[in-house]
1. I'd like to check something: does the stretch A:320-342 contain any residue that is at pLDDT 90 or above, within 14 Å of another protein chain (Cβ to nearest Cβ) and under 21 Å from B:ILE29 (Cβ atoms)?
2. Please tell me if A:THR203 is among the polar types (S, T, N, Q) and within 23 Å of the chain's Cα centre (by Cα).
3. In the stretch B:1-31, how many residues are exposed (fewer than 15 other Cβ atoms within 10 Å of the Cβ), under 22 Å from A:GLN355 (Cβ atoms) and at the interface with another protein chain (Cβ under 7 Å from one of its Cβ atoms)?
4. For A:ASN129, which of the numbered conditions (1) closer than 18 Å to A:PRO45 by Cα; (2) surrounded by fewer than 24 Cβ atoms within 10 Å (Cβ to Cβ); (3) within 14 Å of chain B (Cβ to nearest Cβ) fails to hold?
5. Could you go through the stretch A:83-100 and let me know if any residue there is open to solvent by less than 50 Å² (accessible area, probe 1.4 Å), within 30 Å of A:GLY11 (Cα to Cα), more than 14 Å from chain B (Cβ to nearest Cβ) and part of a helix (DSSP H, G or I).
6. Could you please find all residues in the stretch A:175-187 being buried (at least 21 other Cβ atoms within 10 Å of the Cβ) and not in a loop (DSSP other than H, G, I, E, B)?
7. Identify, please: which residue in the stretch A:353-368 is open to solvent by 10 Å² or more (accessible area, probe 1.4 Å) and over 15 Å from A:SER145 (Cβ atoms) and is, among those, farthest from the other protein chains (Cβ to nearest Cβ)?
8. Test each condition in (1) open to solvent by less than 40 Å² (accessible area, probe 1.4 Å); (2) away from chain B (no Cβ under 14 Å); (3) among the hydroxyl-bearing types (Ser, Thr, Tyr) for A:SER200 and report the one that comes out false.
Amino acid sequence: MSVSFEQLLQGLQNTSPGSLLMIAVGCLLIYLAVVKEYEPMLLLPIGAGAILANLPLSPMIAQDGMFDVLKKAGVDNELFPLLVFIGIGAMTDFGPLLENPRMMLLGAAGQFGIFGTLMLALLLGFDLNEAASIGIIGAIDGPTSIYVSNLLAPHMLGPIAVTAYSYMSLVPIIQPPIMRALTSRRERTIRMPYTSRNISRRTRIIFPLAVIIVVGSLVPMAIPLIGTLMFGNLLRESGVVERLTGASSNEIANIVTLFLGLAVGSTMRAETFLQIQTLAILGLGILAFGLDTAAGLLFAKFLNLMSKGRFNPLLGAAGISAFPMAARVVQKVGHEEDFENFLLMHAMGANTAGQIASVVAGGVLLALLGTH
Amino acid sequence: MESLKIGIQLTVYGMGLVFLLLALMAFLITMLVKFDRSEPVSEKPSAPRYPAGLDADALAAVAIAVAMHQAVLRKEAAPAMRKHMPGTLPSRWVSVGRTLQNSTWQPDRRSS
């Protein structure tokens, strides 16, 4: 048996500038996760997945390789994002929203970025499914972005997931300048009283069931997203399945997040990622975040007008799905103007509404595009 | 231009539907919270249990008698009722002890 020297060096021989660049991108994602702590739970596995998938002749992306198995097991059939949703539901307390249901409308306004970006992407020449996939970055919700884009434009899954998660961690940087630009100092200092409404356990249990039935009946395409989110919340609020709630919000969510990150990272191959459209996705993604924030603020200003100056427009910026970052940003900006103004719990209500709204918007988008 | 038209249509229908659904949910939550207000837990007094052979009036009379007796005892313990201020009289144990200290255990020499 003779072993040629070329066989030993075939890895180096198959190295391409594109794969080297993608390895650098993977390293950048790991740098952002480790040093800057930008969404490390996702960006670290995505970065590692990108490096492992772009190494020359990597067996991990070959048929029946680890990434291929993970992708078939949980990404292609949408299982992983839905399992993550169960965990999110189990971790989320919708109490602030139940105390103040009108915050639900702020969640709706915060979804304008999806449709505004969709229009811009169409104008830039993307086809309808691609434009909708780019637009869904405006949901500011990783699992929703992955779910929708994988159904509509699977070839764009990598850049869309990376854009969604990268920008999500930049919410504290992206939002405050827009918030200050669109609101006056007087508006930012509006104080809002808290209601001391007790939400019974029965209401907390009925709420997820009602949302599943109402949204599921009206928008069947949203059933997987809203169903899993609310099922997770039902586990939490029932109070009788502590172990299942714990498993959903810890073990299952952690394991699935790891698998999802690696699988998404493995889709970032040089031949699909290094294209001009990736730059367009990055640009449109940040625009989507800005549009969401601006639309939420403008709608909250409208509510302020309707309530004769008793509604703080900053809360509009919390009507997005980035939980709880957006609520914290609202509290921080409000606090800067008035040290004794506590908007946090109102903002939490709007923020949880944003979570539901983003899922509903994802389902609506799929329904409008007739995806089955 | 055609794509822009589609985009505007999608935006109008999409945002309209999202607003409609979430407004409906806000309404449902409001109704849910309104009709399912957590009522204050009313602690209903449990049915009174009387000792055998006593009815409510007899029990009340016993309770009054006990209370009056306690009041009498309290009055007797009051400073006005005391002959000596507390601490000025030694207790019986202390008195016996002092007495024993004054008498010796050794046999009296004078008698021998």
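The values are calculated or read from the model by the stated rules, or taken from the named source; none is laboratory data. For clarity, every value in this text was computed on a predicted model and none was experimentally measured. Glycine also receives a Cβ, built like all others from the backbone with ideal geometry; neighbour counts cover every protein chain displayed. Keep in mind that these areas ignore ligands, DNA and RNA; they rest on the heavy atoms of the full protein, side chains included. Shrake-Rupley method; radii C 1.70, N 1.55, O 1.52, S 1.80 Å.
1. Yes - at least one qualifying residue is present in the stretch A:320-342.
2. On the way: among the polar types (S, T, N, Q): yes; within 23 Å of the chain's Cα centre (by Cα): no.
For A:THR203, the condition - among the polar types (S, T, N, Q) and within 23 Å of the chain's Cα centre (by Cα) - is not met.
3. 1
4. (1)
5. no
6. Restricting attention to the stretch A:175-187, the residues satisfying the condition of being buried (at least 21 other Cβ atoms within 10 Å of the Cβ) are A:175, A:179, A:183.
Answer for the stretch A:175-187, where residues must be buried (at least 21 other Cβ atoms within 10 Å of the Cβ) and not in a loop (DSSP other than H, G, I, E, B): A:GLN175, A:MET179.
7. First, the residues of the stretch A:353-368 that are open to solvent by 10 Å² or more (accessible area, probe 1.4 Å): A:355, A:367-368.
Next cut, over 15 Å from A:SER145 (Cβ atoms) only: A:367-368.
Details: A:ALA367: 8, A:LEU368: 6 Å.
Top of the filtered list is A:ALA367.
8. (2)
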